[in-house]
């Protein structure tokens, strides 16, 4: 009975358990169905929401995605000549593209272990990471582990923005999946490593991409990074500017613990992932990364400010023209439309700062460096000036120190390559590039360019042509123009060669006046002068370099290369070519030679400028040079000595130097014993010596300028420049020079005739028929009618004769005006046996007669005839006798006798003889 009860009770318990199980199971099934329904519902809502977020999104094609992920900002690089690296173009971000094969394996492993441990497994996204991120977002968790794969980060950086929104995230996920469909893992990883930011480099500049990071932080290439360095860099992308070890000034941060702790985290993850062993891990922890930080590297701008700024400006102008041409515009359209020019300049600048071009220049690094060093040490510039002015912002009076500045340019004649230049003395003080941007008067360096070469090309003058260097006064609309020579003297008849050799101003202006009607200014335009205005064409002082705006050193030197190229102008250039990162040549310089002068004109100008250096205004130069070359050059001085120039050319190169104050003021006439001209010549020579040390064959070619055909050597008369006559030969006034065969003299000189002349105080005048013979000389005389072609009238013709021995016997056959009265008697005195008297004050007196008598009361006879001079005298040949002196004018009129002079008895009484007062002095 008990057994039955027990069995019955067990069955009852089992039934209860079964019922409970059934209930629980059914509840579970219901809950499961509800959960699945909820999940499906949620997924449906999520999918719908996701679809709504991306419904308006344009799905990019493969080509579009490829363009986007590889369209990252990349640094443009600049090179000296011969592909010598200069540095990077100034930009907000430095980045270097690199292939994955050139990246250290440690970097790849560190990035994957840290940023995306499932990189090689997922298809662009990791669902659980996304769910985790969404949960953290929903719960506003303070701990954020991130949900983005490397693929998603690449999409965010290159295709989308950094906007924080569900829409952006949804697009990111979709694009990441699509990116994984089109590109393999290595392509994605390579793009990521070229895009990701790494903070700052050791110079404080922003960097992105693993190559820029490796170079900027450790000074090595990405493939050379060791494990510790790779781990340090791999930790930076999470917070580039939080972990970066450098400040914006390029200094190492005081607290590096966040970055070092981040490096340890990276190493732990690498070890956990099995990428490195325990031993490697421990060794990497011991590595002192701080000690291996790269030292600060000066940017090209910091080391080469004038050069990099010049390259950037020219590169922008070139690229702007290239971009405009693609859109159907020409260069002149940009020149004539300011807004259009600004638009394309902005586009060009953006591309240069982002598109990773290579810019190759013509600048020789070694020569450029040597020249800057010479200028830095040169001790003879002159004194600084102190200038007080009102500050525009504060209104306070401030004091500015202004030193003598310098600009220089070296150009290769044949190609136009700018080999080197000097932009100034201190870029921090003055950013103006004095070689390419400063416009100044070019002084007498203008004479060969505008005056003599064009005049020879026109056939108006040749080196042996004679120009009267006498005072010149020209009436102009603004008054009277009266040019003066630098020495404030005139030099009479001078040849074109001599006028250029000694840089006489008056002959230059006279020559320019003969050519100005044929617009010689067009020659300057052909030779690259860009700042000419309409008024310059009629300005006579242009012959002396008085431009309205001025000319740059580059333009002036560039124009002189025309002579070095035998009359052909080749425009100077600094940028050889611009190459895109894909190797395509965007721009390559092509010269466009311009024929300006004939080879004959160019050579004759060269030959005359050789004399400037041999014996002229640059005669000091050869002693300053350490080498010899066939140099031909010209000095120049601005008005009131405000500018000092010297430009010279040889068969290979042309070099010019300018010195002056930024605020135009006269240079010191003497400084440390040197004139301003010699200071400039010495600097020119030292700069050339420095260049010669680097490239002797370039700077000092062994060959000379070759004389072209069509040039002959001919005799000319130095009075007129014409064929010497027999009279010219007799007077010894024949000289020789080179001529273009087209323009040799064809007329014989008729300006010299034979005749009698008198001398008064060293000046010669034609004798009159009544002039006493004893006061005249027989010689060669000058016919003043030849001056009519030069428009010379009413001048002291004696000033036409140079002060040289060959002109001593030439008289000016012009009338010496007689005053119409009998000369006053002179006053004589005796000193020992020398009879003296004061030179007559009347200008028409041509001589004196000395009379002698044995004793007073006896007849007097002429003892001597003395020609007029500054200190007339007569030495008495005997001890006894009585003497007096008379003055004779050019008409033959004779004065009354002077006082009597006796050697026997001193004269101390006064008496009147023939209405003349005589004083007899006893001796």
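The values are calculated or read from the model by the stated rules, or taken from the named source; none is laboratory data. Here the structure is a predicted model, which is why all the values come from computation and not from measurement. Quick reminder, even Gly has a Cβ in these numbers, built from the backbone with ideal geometry, and neighbours come from all protein chains shown.
Taking the criterion of being under 27 Å from residue 644 (Cβ atoms) and buried (at least 22 other Cβ atoms within 10 Å of the Cβ), would at least one residue in region 475-490 satisfy it?
no
How many residues are over 14 Å from residue 892 (Cα atoms), surrounded by 15 or more Cβ atoms within 10 Å (Cβ to Cβ) and within 60 Å of the chain's Cα centre (by Cα) when one looks only at region 813-838?
Number of matching residues: 2.
Scan region 648-663 and give yes if some residue there is more than 22 Å from the chain's Cα centre (by Cα) and either at positive phi or part of a strand (DSSP E or B) (or both), otherwise no.
no
Within region 366-392, work out how many residues are surrounded by 12 or more Cβ atoms within 10 Å (Cβ to Cβ) and either in a strand (DSSP E or B) or assigned by TED's automatic domain parsing to the domain that holds residue 681 (or both).
2
So that you can scan it fast, the table gives a plain yes or no per residue for (1) in contact with a strand residue (DSSP E or B) (Cβ under 8 Å, 6 or more places away or on another chain); (2) in a helix (DSSP H, G or I); (3) within 19 Å of residue 468 (Cα to Cα); (4) at pLDDT 90 or above:
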| position | (1), (2), (3), (4) |
| --- | --- |
| 779 | yes, no, no, no |
| 793 | no, no, yes, no |
| 811 | yes, no, yes, no |
| 820 | no, no, no, no |
| 824 | yes, no, no, yes |
| 836 | yes, no, no, yes |
| 851 | yes, no, no, yes |
| 865 | yes, no, no, yes |
| 879 | no, no, no, no |
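Is it fair to say residue 525 is under 25 Å from residue 684 (Cβ atoms), without any contact (Cβ under 8 Å) to a residue 60 or more places away in the chain and outside any loop (DSSP other than H, G, I, E, B)?
Spelling it out, it is not the case that residue 525 is under 25 Å from residue 684 (Cβ atoms), without any contact (Cβ under 8 Å) to a residue 60 or more places away in the chain and outside any loop (DSSP other than H, G, I, E, B).
Of the residues 272, 365, 297, 325, only one is more than 25 Å from the chain's Cα centre (by Cα), over 21 Å from residue 584 (Cα atoms) and at pLDDT 90 or above; which?
It is 272.
In region 393-421, which residue that is under 17 Å from the mean Cα position of the chain (by Cα) and not in a strand (DSSP E or B) is farthest from residue 437 (Cα to Cα)?
413
Looking at 488, 440, which one is touching a strand residue (DSSP E or B) at 6+ places or on another chain (Cβ under 9 Å) and not assigned by TED's automatic domain parsing to the domain that holds residue 660?
440
Residue-wise test of (1) outside the structural domain of residue 752 (by TED's automatic domain parsing); (2) out of contact with any strand residue (DSSP E or B) (no Cβ under 7 Å at 6 or more places or on another chain); (3) in contact (Cβ under 8 Å) with a residue 12 or more places away in the chain; (4) in a helix (DSSP H, G or I).
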{"position": "667", "(1), (2), (3), (4)": "yes, no, yes, no"}
{"position": "678", "(1), (2), (3), (4)": "yes, yes, yes, yes"}
{"position": "681", "(1), (2), (3), (4)": "yes, no, yes, yes"}
{"position": "693", "(1), (2), (3), (4)": "yes, yes, yes, yes"}
{"position": "716", "(1), (2), (3), (4)": "no, no, yes, no"}
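Suppose we filter region 300-322 for residues that are more than 21 Å from the chain's Cα centre (by Cα) and over 12 Å from residue 575 (Cα atoms); how many remain?
Counting residues in region 300-322 that are more than 21 Å from the chain's Cα centre (by Cα) and over 12 Å from residue 575 (Cα atoms) gives 3.
Here is a yes/no grid of residues against (1) modelled with pLDDT of 90 or more; (2) part of a strand (DSSP E or B); (3) farther than 25 Å from residue 354 by Cβ:
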position	(1), (2), (3)
72	no, no, no
97	no, no, no
108	yes, no, yes
112	yes, no, yes
117	no, no, yes
120	no, no, yes
123	no, no, yes
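For region 733-762, enumerate the residues that are touching a helix residue (DSSP H, G or I) at 6+ places or on another chain (Cβ under 7 Å), without any contact (Cβ under 8 Å) to a residue 40 or more places away in the chain and surrounded by fewer than 21 Cβ atoms within 10 Å (Cβ to Cβ).
734, 754
Would you pick out the residues in region 315-354 that are surrounded by fewer than 18 Cβ atoms within 10 Å (Cβ to Cβ) and in contact with a strand residue (DSSP E or B) (Cβ under 8 Å, 6 or more places away or on another chain)?
Within region 315-354, just 322 meets the criteria.
Is it the case that some residue within region 848-856 is at positive phi and outside the structural domain of residue 770 (by TED's automatic domain parsing)?
no
Output the residues belonging to region 251-266 that are free of Cβ contacts under 8 Å to residues at least 40 places away in the same chain and within 16 Å of residue 287 (Cα to Cα).
Result: 256, 257, 259, 260, 261, 262, 263, 264.
When residue 248 is evaluated against the numbered criteria (1) farther than 15 Å from residue 295 by Cα; (2) part of a loop (DSSP other than H, G, I, E, B), which criterion, by number, is the only one it fails?
Only one criterion in (1) farther than 15 Å from residue 295 by Cα; (2) part of a loop (DSSP other than H, G, I, E, B) is unmet by residue 248, namely (1).
Among the residues of region 553-566, is any in contact with a helix residue (DSSP H, G or I) (Cβ under 8 Å, 6 or more places away or on another chain), outside any loop (DSSP other than H, G, I, E, B) and surrounded by fewer than 23 Cβ atoms within 10 Å (Cβ to Cβ)?
Looking through region 553-566, none of the residues is in contact with a helix residue (DSSP H, G or I) (Cβ under 8 Å, 6 or more places away or on another chain), outside any loop (DSSP other than H, G, I, E, B) and surrounded by fewer than 23 Cβ atoms within 10 Å (Cβ to Cβ).
Residue under question is residue 332, and the condition is that it be over 27 Å from the mean Cα position of the chain (by Cα) and assigned to a helix (DSSP H, G or I); does it hold?
So residue 332 does not fit the description; no.
With the requirement that a residue be closer than 30 Å to residue 501 by Cβ and either modelled with pLDDT under 95 or over 23 Å from the mean Cα position of the chain (by Cα) (or both), what does region 575-595 give you?
Once the filter is applied, which keeps residues that are closer than 30 Å to residue 501 by Cβ and either modelled with pLDDT under 95 or over 23 Å from the mean Cα position of the chain (by Cα) (or both), region 575-595 yields only 595.
Give me a count of the residues in region 589-625 that are within 29 Å of residue 679 (Cα to Cα) and either touching a residue at least 60 places away in the same chain (Cβ under 8 Å) or surrounded by fewer than 18 Cβ atoms within 10 Å (Cβ to Cβ) (or both).
Selection size over region 589-625: 22.
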